[in-house]
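A.B. asks: Sharing a structure here in structure tokens format.
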Amino acid sequence: MVYNCVIKNENIIDKALKRLRKANLASQSVEIELYKAIPPGTGLGAGSGNAAALIEWAKRTFGGPEVFGFEKEIGADVPFLCGSAPIARVGGMGERLEPIPGTFRLSGLVLIPCWRSETAQAYREIDRKAAGRWTPEEKAIEESETVLSLLASGRKAGLLPNDFLDVLLERHSEYYEIFGLAEKAGALAWGLSGSGSAAFALFPPDADCAGCGEMLAHAAGVERIFFWE
């Protein structure tokens, strides 16, 4: 049973449950109640988080290895969410995890806009725009190391790279206002979450996130804001 949301097509929890049953780690009769606070199509990995929670429950309840090996087949975010690293560099189909050492003391906001981004369609669009000209992995790693170094030292990193951003900007110029307000509010970094549609802003740990949230709430198209400290 799913509350607060209409799930189109197969729920990712169904995929996880099928794999767990195949591995004899879940009974044939399982009742699951899912309360959705984060809507689909926002690029926050909420569905993958639901699947990861089910897998972790099965491990605790029925026992099993630390890594099953089928996590990436359920969703690219699932291997990371089933792992123990709070921050990691992820490659492949989500199965290559490189934990990032160090402590990052940040607070932040996640802004949910009133539009959604369907993941499969977003990938088709960046395939069309890229036309095979993808950022080399070495350059992507270098970019991530620069961003991590800046944030670890409390310096501004600005707009974070995301291949999906150009696709979303073609349809929603409201992101320009959101990012501009994030910078004005004192954010160290801001950007698009995953394949969208959610945006985020990272602040120093002592920032007045409530006050920053009030400022960003005035941006066009913002439906709701989540805080973390």
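A.B. asks: Give the angle, between 0 and 90 degrees and rounded to the nearest 10, that separates the Cα long axis of helix 12-22 from the longest principal axis of the Cα atoms of the chain.
C.D. replies: Once rounded, one gets 30 degrees.
A.B. asks: What's log10 of I(q)/I(0) for segment 107-228 at q = 0.14, 0.19 Å⁻¹, Debye sum over Cα points only, no solvent?
C.D. replies: -0.62, -1.06
A.B. asks: Take the residue pairs 22/72; 15/59; 15/72; 36/184 and return only those whose Cα atoms are more than 21 Å apart.
C.D. replies: Flagged as over cut-off: 36/184.
A.B. asks: Estimate the FRET efficiency between residue 156 and residue 124 by the formula 1/(1 + (r/R0)^6), using the beta-carbon distance for r and 35 Å for R0, to the nearest 0.05.
C.D. replies: Step by step, r from the Cβ atoms, then E = 0.55.
A.B. asks: Just name one of 148, 86, 34: the one whose Cα is farthest towards the positive end of the charge dipole of the chain (beta-carbon charges, Lys/Arg +1, Asp/Glu -1).
C.D. replies: Final value for the positive-end residue is 34.
A.B. asks: Highest first, please rank the peptides 96-107, 194-205 by the mean number of other Cβ atoms sitting within 10 Å of their residues.
C.D. replies: My ranking of the peptides, most packed first, is 194-205, 96-107.
A.B. asks: If I stretch the segment between residue 223 and residue 176 completely, what's the gain in nm (0.36 nm per residue apart, minus their alpha carbon distance), one decimal?
C.D. replies: Gain in length upon complete extension: 15.3 nm.
A.B. asks: Using every Cα-Cα pair within the chain, state what percent have a distance larger than 32 Å.
C.D. replies: It works out to 23 percent of all Cα pairs.
Where a number appears in this text, it was derived from the coordinates with a stated rule and is not lab data. The model shown is predicted, which means the values in this text are computed figures rather than measured ones. Heads up, the Cβs are rebuilt from the backbone with ideal geometry, glycines too, and the neighbour counts pull from every protein chain shown.
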